[in-house]
1. Once amide H atoms are placed 1.01 Å from N in the peptide plane, what residues at a sequence separation of 5 or more from VAL78, or on another chain, have their amide H within under 5 Å of its amide H?
2. Roll a 1.4 Å probe over the protein chains and send me the accessible area per residue for the range 151-202 in Å².
3. Taking every Cα atom in the range 109-156, find the radius of gyration and the maximum pairwise distance Dmax, and write them in Å.
4. For the range 91-100, just list the computed ³J(HN,Hα) in residue order, Karplus coefficients 6.51, -1.76 and 1.60, θ = phi - 60°, integers in Hz, with x standing in for Gly and Pro.
5. Could you tell me whether the range 65-221 comes out rounded, prolate or oblate from its Cα gyration tensor? Rule is a ≥ b ≥ c as square roots of the eigenvalues, rounded for a/c under 1.5, then prolate if a/b exceeds b/c, otherwise oblate.
6. Take peptides 141-154, 103-116, 80-93, 163-176 and line them up by average Cβ neighbours within 10 Å, highest first, as a rough protection proxy.
7. In the neighborhood of ARG116, defined by Cβ-to-Cβ distances under 13 Å, what is the net charge if each Lys or Arg adds +1 and each Asp or Glu adds -1?
Amino acid sequence: MVSVLFLSCGNNTATKETTETQPLSKTEDTVISETKSKTILCFGDSITAGYGLDDINDAYPAILQQKIDALDLNYTVVNSGVSGETTAGGKSRINWILNQNIDVFLLELGANDGLRGVSLSETRANLQSIIDAVKEKNAETTIILAGMELPPNMGQDYTTEFRQIFADLASKNDLKFIPFILKDVGGIAKLNQADGIHPTIEGHKIVANTVWETLEPVINK
């Protein structure tokens, strides 16, 4: 089995850090008001934020928008990724994010917790709090949980239990589930930037395809 190095999701001092909620185009607010499109919000860390890319439109949320537009579906994708975000950081900003109407909520957080050795119980509790907040705001919002994995040097017990957190939460809360958002990307040099961690443009295309496998049935009923 090939050992794979996954996910360090930047830090809050990175020069290319994105703002907390970034629409995918300058006309998004107008589009929403005129067409009353439904909203897919990608809530995550540097993977979602598109850390290291010159153009946020190369990150997987924007690629999802392209797929949606090609099918003429009435959805707008909002990129709410923050480089270096932990589950605690996500928990602290979730209520502000929920000031908007959200039809599909993609939750992609946890990797930075694992790489920092945060207590697994704390990571689990923070993710559950975010899920609870979304459900409390609107029980009709579809939540998609993106699973994460850690490099083996974090220790087998820790990495195994970390991976299980996401499967457990998806089952407990009856969520749509992506077992590993960096499937077919993590650890593949040509699909990652020079840091060996963050996906390239081509890597983000694969991430978008992985997400699309779960998202498309939800929005294209």
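1. Under 5 Å from the amide H of VAL78 lie the amide H atoms of ILE40, LEU41, CYS42, each far enough along the sequence or on another chain.
2. Details: 2880 Å² over 52 residues.
Value returned for the range 151-202: 55 Å² of accessible area per residue.
3. Using the Cα atoms of the range 109-156, the pair Rg, Dmax is 13.0, 40 Å.
4. Here the 3J(HN,Hα) series is 4, 6, 10, 5, 5, 5, 4, 7, 5, 9 Hz.
5. It comes out oblate by the Cα gyration axes.
6. Numbers: 141-154: 19.9, 103-116: 24.6, 80-93: 22.4, 163-176: 16.3.
My ranking of the peptides, most packed first, is 103-116, 80-93, 141-154, 163-176.
7. Details: positive: none; negative: ASP45, GLU85, ASP113, GLU122.
Neighbourhood net charge equals -4.
The values are calculated or read from the model by the stated rules, or taken from the named source; none is laboratory data. Since the structure is predicted, the reported quantities are computational estimates derived from the model, not experimental observations. Methodologically, a virtual Cβ is constructed for each residue, glycine included, from the backbone with ideal geometry; neighbour enumeration extends over all protein chains shown. SASA here: full protein model, heavy atoms, side chains in, ligands and nucleic acids out. Shrake-Rupley method; radii C 1.70, N 1.55, O 1.52, S 1.80 Å.
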